[in-house]
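Before any comments, here is the structure.
The values are calculated or read from the model by the stated rules, or taken from the named source; none is laboratory data. It should be emphasised that the depicted structure is a prediction, and the values quoted were computed from it without experimental measurement. A quick note on method: Cβ atoms are made from the backbone with ideal geometry, for glycine too, and the neighbour counts reach across all protein chains shown. These area figures cover heavy atoms from the full protein model, side chains too; ligands, DNA and RNA do not enter into them. Shrake-Rupley method; radii C 1.70, N 1.55, O 1.52, S 1.80 Å.
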Amino acid sequence: MTRIQNTVDYFEAYEAGKLNPEGFWGRYASHEFTWRAPWHNVYSADFEQARFRWFEGAQLNITENCLDRHLHTRGDQIAVIWEPNDPIEEPIKLSYRELYHRVCQTANVLKRLGASKGDRICLYMPMIPELLISVLACARIGAIHSVVFAGFSSRSLADRINDAGCSILITADGSFRGDKIVPLKDIADQALEACNSVRKSIVVKRTETEIQMVEGRDVWWHDLHTGVAEICDAEVMDSEDPLFILYTSGSTGRPKGMVHTCGGYMVYTCYSFEQVFQYRDGEIYWCTADIGWITGHSYIVYGPLLYGATTMLFEGVPSYPDMGRFWQIVDKYEVNIFYTAPTAIRALAQCDPKLIERSSLRSLRVLGTVGEPINLEAWEWYNDVIGKGQCPIVDTWWQTETGGIMISPLAGITHLKPTFATLPLPGIVPVLMDEHGNEIHERIAEGKLCIKQPWPSMARTIYGDHQRFIDTYFAHFPGYYFTGDGARRDLDGFYRITGRVDDVVIVSGHNLGTAEIENALDEHEQVAESAVVGYPHPIKGNAICAFIVMDSNIQAGSTLEQELLDLVSTIIGPIAKPDKFYIVPGLHKTRSGKIMRRILRKLASGDGQDLGDISTLLNPEIVESIGQSMGLTTSA
Ligand code: WT7
C-alpha cells in the first residue's frame, strides 16, 4: 500500500488492515524501508502476558532509515531547520547529509566514552540541534535513549535516571526560555548527587551560564567532538530491541518508563506521518512540541526524518518576544504543515488579533492538534483565523503508549467533524466497552476506549516492571489494550475523545498523575493528607485543585500555599503546580478507605449540587464541611 489518496482508498485500506493485518503491515514494511535482514513473522500477540512482537527476526537500524537511505536522493535537501529562542540569532539549517555526519560524529563520541548497545543514555536538554542529534546518535549505536523534558525538576530527573540505570547524561549549561535562562546544568548536578549509575555527563554550551564542571565526570560537548570521524557504522538491531524509554505519568505510583522497540516503531511513525499529514515533497513541516514528549519523538524526529521531510525545531516559547511568534515563524519559513496543542491554540486565540494580522499565514496547508480534546470554540478559531477556512485540521488522538497517531482525519482525504478525532488509521481497530466489560456493537455509543488489534508501535513493556504493564493496560479488559480514555462514537463511526477515565489529569496537554502530586504535597511536614483532582480551565483544558488536611492542631500559616507550590516544583516540576488550594478539615472515604474523587471533582469545578449517592461513605458529613471551606453550599 502506498499513500492513501481518497476516501475509497481509505475504506479499502481500513478493511485490509482489519481483515489481514499480516498482509497489510508486511506490505507496507517491505515497501518502504532498508532492512538488514527480513522478518520471519509479521507479528505475534499474547494479550494475557502482554507480549507483542513485530517483524520478528528482522534486523535494521532506524537511523539508516532516517539518514543513510536518503543520502543519494535527498542528501542536499534540508532535513532540519532550527529556529532559536531569540529571533535575532541565526537559525541553523542542516541538510540530510550534514545531519548524517553530525549524528555519526556524536555516535563515535558516545562509543569513545564506552557506550554500547543496550546502555541507557539520559538526555536532559534544551530544544537545540544537539538534542535531535543525540537522540539519533544513541539509536545509531543501539543505546537506549531516555529523554527527560527539560522542565522537570532535579528530583524527577534523578528518579528517571535511576529507574533506567543510565550511564551517560547529556545536558547543557542552560536553556533559553523566552527572556529566562533555566540553569539546566545546576539542576542536573543536583540530580546526579542521587545517581550512582552515571559515569559521564556531556555538557553542550548554549547559554554561557557559569557552571561547575566535575572533574572526571563532566566533559564539554565541543571538546569531545574535535577531530572525531564523521562516519560511523550503524549497529545492527533486532526488530524487537528497545529503541527508547520515555516516562509518562500514571494514575497511581511513579511515572512509567514506556519502552518502544526498533522495527515496529519505525514502520508506524513513518506510516502515520505520511498518511495523516499527507506530506508533499519540498514542504516545511513544523510540530511545536518538545522532543521531551512522545509527540516530539514521533513527529519532530523519527516520523518526518524516516519519510524524508523537512522538520522544524523551535527552541523558544509561543510568547517571546510576543504572542505573535508562532505566526512570524510560519511566514519566515513558509511553513506548510503546523501541528500544535489545544492549550496553545486557546492561549493564542486570546491575544490581540494584530499579532496575527501582521503575518500572512499564506503557506499553511494543513493544521494539526494533539494532546487533549479540543473544544469547539478553539477548533473554529484555528480553522477560521489561522487556516482561513482552507486548511484541514487533523485532530490526532494518541498516547505515549501507542507510539503514533491512532485516530485522526487524514488531511484533505477523510471528512472532518469539529471536536472529533474522527476515524482510526487503517490497521487500528478501536472499540468502546460498556461498564460490564463488553464491547458495544451499536454504532452510536459511549464507553471506555480500547484497541482490539495489536499495531506495530505499541509500547512493549514498562521498563523494569512488566507486571505493571499487564495490570495497567491489559487486565481491565482481557484481550484488549485499555487506553484510559473515554470516547463517544457517532452514526458515521467518528470518535470523539471525552477525556481520561482514570486519575490522570491533562493540564496544558501534559499528562499528570494525581497520586504523584499528592505524594509531593504530603512531604510537607504540616500536611497530614491531601487529595488532588482536575477541574475545567479555559486555557489549560484542566487545572489542578488540591485539598489539604493539616496535621491536627496546626493552623495553616500565611506562607503555606507558597511552600506547597515550591514543594511541587522541586519534586516534580513547575508544570505540576496546583492552581487552587483548599484547606479542609478532612477527606471523605469509601469503606475501603479510598477518597471518592468524583465528589471533589464536582466541588473543584464550583458545583456543590447533585453530588449523587454519598451514603456509602464512611464519613459523609465531611462533604458538607469541605463545601463550607470552599464557600459552596452542597447537596450533601
Ligand atoms: C492522553 C495521552 C500523544 C501525544 C500527546 C499526549 C489525551 C491526546 C488527544 C486528542 C483528545 C487527546 C488522551 C490521551 N489526548 N491527544 N487529539 N483528543 N485527547 O501524550 O502525554 O501520553 O497523553 O492525551 O487523554 O490518553 P500523553
| note | Checking GLU442, GLU446 in turn, the sole residue that is in a strand (DSSP E or B), open to solvent by 30 Å² or more (accessible area, probe 1.4 Å) and assigned by TED's automatic domain parsing to the domain that holds TRP381 turns out to be GLU446
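This table checks each residue for (1) in contact with a strand residue (DSSP E or B) (Cβ under 9 Å, 6 or more places away or on another chain); (2) surrounded by fewer than 24 Cβ atoms within 10 Å (Cβ to Cβ); (3) among the aromatic types (Phe, Trp, Tyr); (4) closer than 22 Å to TRP82 by Cβ.
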residue: SER197; (1), (2), (3), (4): yes, yes, no, no
residue: ARG206; (1), (2), (3), (4): yes, yes, no, yes
residue: THR226; (1), (2), (3), (4): no, yes, no, yes
residue: GLU283; (1), (2), (3), (4): yes, yes, no, yes
| request: Collect the residues in region 593-602 that are without any contact (Cβ under 8 Å) to a residue 40 or more places away in the chain, crowded, with 18+ Cβ neighbours inside 10 Å and part of a helix (DSSP H, G or I), keeping them in residue-number order. | output: ILE599, LYS602
| Taking region 501-551 on its own, how many of its residues are of a type outside the set (Val, Ile, Thr), part of a strand (DSSP E or B) and touching a residue at least 24 places away in the same chain (Cβ under 8 Å)? | 18
| task | State whether one or more residues within region 334-345 are of a type in the set (Gly, Ala, Ser) and open to solvent by 10 Å² or more (accessible area, probe 1.4 Å). | result | yes
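Yes or no, residue by residue, for (1) outside any helix (DSSP H, G or I); (2) farther than 20 Å from TYR124 by Cβ:
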| residue | (1), (2) |
| --- | --- |
| TYR265 | no, yes |
| CYS270 | no, yes |
| GLN275 | no, yes |
| TYR285 | yes, yes |
| ILE291 | yes, no |
| HIS297 | no, no |
| ILE300 | no, no |
| PRO304 | no, yes |
| GLY316 | yes, no |
| said: Quick check on region 305-348: of everything there that is among the β-branched types (Val, Ile, Thr) and more than 22 Å from the chain's Cα centre (by Cα), which residue is nearest to ALA139 (Cα to Cα)? | reply: VAL335
| task | Go through GLU90, GLU56 for me and flag whichever is open to solvent by 50 Å² or more (accessible area, probe 1.4 Å), touching a His at 6+ places or on another chain (Cβ under 8 Å) and not basic (Lys, Arg). | result | GLU56
| Residues (at pLDDT 90 or above and more than 22 Å from ILE544 (Cα to Cα)) located in region 583-620 | none
| said: With the requirement that a residue be in contact (Cβ under 8 Å) with a residue 60 or more places away in the chain, away from the ligand (no atom under 14 Å from the Cβ) and of a type in the set (Phe, Trp, Tyr), what does region 325-373 give you? | reply: TYR333
| message | Would you confirm, using the coordinates I've provided, whether LYS180 is out of contact with any Pro (no Cβ under 7 Å at 6 or more places or on another chain) and free of Cβ contacts under 8 Å to residues at least 12 places away in the same chain? | response | yes
| request: Search region 67-77 for residues being in contact (Cβ under 8 Å) with a residue 40 or more places away in the chain and open to solvent by less than 50 Å² (accessible area, probe 1.4 Å), and hand back the single one that is nearest to the chain's Cα centre (by Cα). | output: LEU67
| request: Identify, from the list THR590, THR570, THR616, the residue that is open to solvent by 10 Å² or more (accessible area, probe 1.4 Å) and farther than 18 Å from ALA515 by Cα. | output: THR616
| task | Can you tell me which residue among ASP290, ASP241, ASP218, ASP322 is modelled with pLDDT of 95 or more, within 16 Å of the ligand (Cβ to nearest atom) and open to solvent by 10 Å² or more (accessible area, probe 1.4 Å)? | result | ASP290
| query | What residue, among those in region 10-53 that are in contact (Cβ under 8 Å) with a residue 24 or more places away in the chain and of a type in the set (Asp, Glu), is least open to solvent (accessible area, probe 1.4 Å)? | reply | GLU32
| request: Quick one: in region 449-477, of everything that is of a type in the set (S, T, N, Q) and not in a loop (DSSP other than H, G, I, E, B), which residue is nearest to THR269 (Cα to Cα)? | output: THR461
| Across region 213-236, what is the total count of residues that are touching a residue at least 24 places away in the same chain (Cβ under 8 Å) and part of a loop (DSSP other than H, G, I, E, B)? | 10
| So which residues in region 559-576 are more than 20 Å from VAL182 (Cβ to Cβ) and in contact with a strand residue (DSSP E or B) (Cβ under 9 Å, 6 or more places away or on another chain), if there are any at all? | LEU560, GLU561, LEU564
| task | Residues being buried (at least 21 other Cβ atoms within 10 Å of the Cβ) and within 22 Å of GLU516 (Cβ to Cβ): count how many of those fall in region 159-179. | result | 5
| remark: Considering only helices (runs of 4 or more DSSP H) wholly within region 1-76, the ones with at least 1 residues that are in contact with a helix residue (DSSP H, G or I) (Cβ under 7 Å, 6 or more places away or on another chain) and closer than 29 Å to ALA234 by Cβ are 21-32, 62-66, 71-74
| message | If I filter region 482-495 down to residues being under 20 Å from PRO342 (Cα atoms) and more than 8 Å from the ligand (Cβ to nearest atom), which single residue comes out as most open to solvent (accessible area, probe 1.4 Å)? | response | ARG488
| note | Scanning region 374-426 for residues that are under 17 Å from THR343 (Cβ atoms), more than 10 Å from the ligand (Cβ to nearest atom) and among the hydroxyl-bearing types (Ser, Thr, Tyr) gives TYR382
| query | For region 504-517, does any single residue satisfy the condition of being more than 9 Å from the ligand (Cβ to nearest atom), under 21 Å from ILE626 (Cβ atoms), hydrophobic (A, V, I, L, M, F, W, C) and open to solvent by less than 10 Å² (accessible area, probe 1.4 Å)? | reply | yes
